[in-house]
Amino acid sequence: MSYNTWPLMDGKLVPGDLLLLEPAWRNFFENPKTVQFIHRVGAYTIFAVALWHMIATRRRLPGTTHARRATLLFLIVVVQASIGIGTLLMHVPLHMALTHQAFALFLLGFAAAHWRGTKGAYPLPHEIALRG
Ligand code: HEM
């Protein structure tokens, strides 16, 4: 419900007073400005990693299912970040907040399935015990 601006926060890319509370570790749990800033930085990191992963996979495995899924994963991250920015700018209306949280679960599920898909098929038992 605070700092409802983007990309700046409190007029800056990196706002001040992020470690206002003493002891400093409390800011990561009790200072709304620090908590929101960490959420933004976390989102930008996910965005950068998903972008890098898409480019690397499309270069290394062009035309494969992995490359298509890596591209879809990046697009899901873009949608999730856009919903998040909209949620913030609209002062967190419930429908946007719930959509943002639901989409986070979808993103997590897709990322897990994509990661599992890169591990290949489960090894099938090659010896079948014959019942005597
Ligand atoms: C890949 C990127 C992102 C993911 C995975 C993500 C995930 C989440 C999750 C799981 C929550 C719920 C947290 C909780 O209830 O404690 C949340 C809340 C929120 N996020 Fe994000 N987020 C992302 C990007 C962003 C961005 C870029 C912004 C804005 C700059 C943003 C703004 C918000 C806001 C305002 C809330 C609070 C909504 C509420 O009260 O439920 N998010 N986000």
Self-check item: Per DSSP, loop trypsin sites (Lys or Arg not before Pro) in the stretch 39-123 with at most 15 further Cβ within 10 Å
Solution: LYS119
Exercise. Only residues of the stretch 1-33 count here: report those whose backbone N is under 20 Å from the spot 7 Å along Cα→Cβ of ILE85, or say none.
Key: 1-15
Quiz item: In deg cm²/dmol and to the nearest 500, what is the mean residue ellipticity at 222 nm of the chain if only DSSP H runs of at least 4 residues count, each as -39500 (n - 2.57), divided by the residue total?
Solution: -21500 deg cm²/dmol
Quiz prompt | Segment VAL41-ALA129, extension gain: residue separation times 0.36 nm, minus the distance between their alpha carbons | solution = 26.3 nm
Practice problem: Would you kindly find the accessible area of TRP25, with a 1.4 Å probe and non-protein molecules such as ligands, DNA and RNA excluded, rounding to the nearest 10 Å²? | Solution: 150 Å²
Quiz item: How much of the accessible area of the stretch 61-121, probe 1.4 Å, is carbon plus sulfur, in whole percent?
Solution: 78 percent
Practice problem: Provide the gained length on full extension for the span THR64 to TRP115, in nm with one decimal, where the gain is 0.36 nm per separating residue minus the Cα-Cα distance. | Solution: 16.9 nm
Self-check item: Against the rule of thumb 2.2 N^0.38 Å, how large the Cα Rg of the chain comes out
Solution: 1.46
Quiz item: How far is helix 32-60 tilted off the main Cα axis of the chain, in degrees rounded to 10, range 0 to 90?
Solution: 30 degrees
Quiz prompt | Length gained when the stretch GLU22-MET1 is fully extended (0.36 nm per residue, less Cα-Cα span) | solution = 5.3 nm
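The values are calculated or read from the model by the stated rules, or taken from the named source; none is laboratory data. Quantities reported herein were computed from a predicted structural model and do not represent experimental measurements. Neighbour counts run over all protein chains shown; Cβ positions are idealised from the backbone, glycine included. Quick note on the areas: whole protein, heavy atoms, side chains included, nothing else; ligands and nucleic acids left out. Shrake-Rupley method; radii C 1.70, N 1.55, O 1.52, S 1.80 Å.
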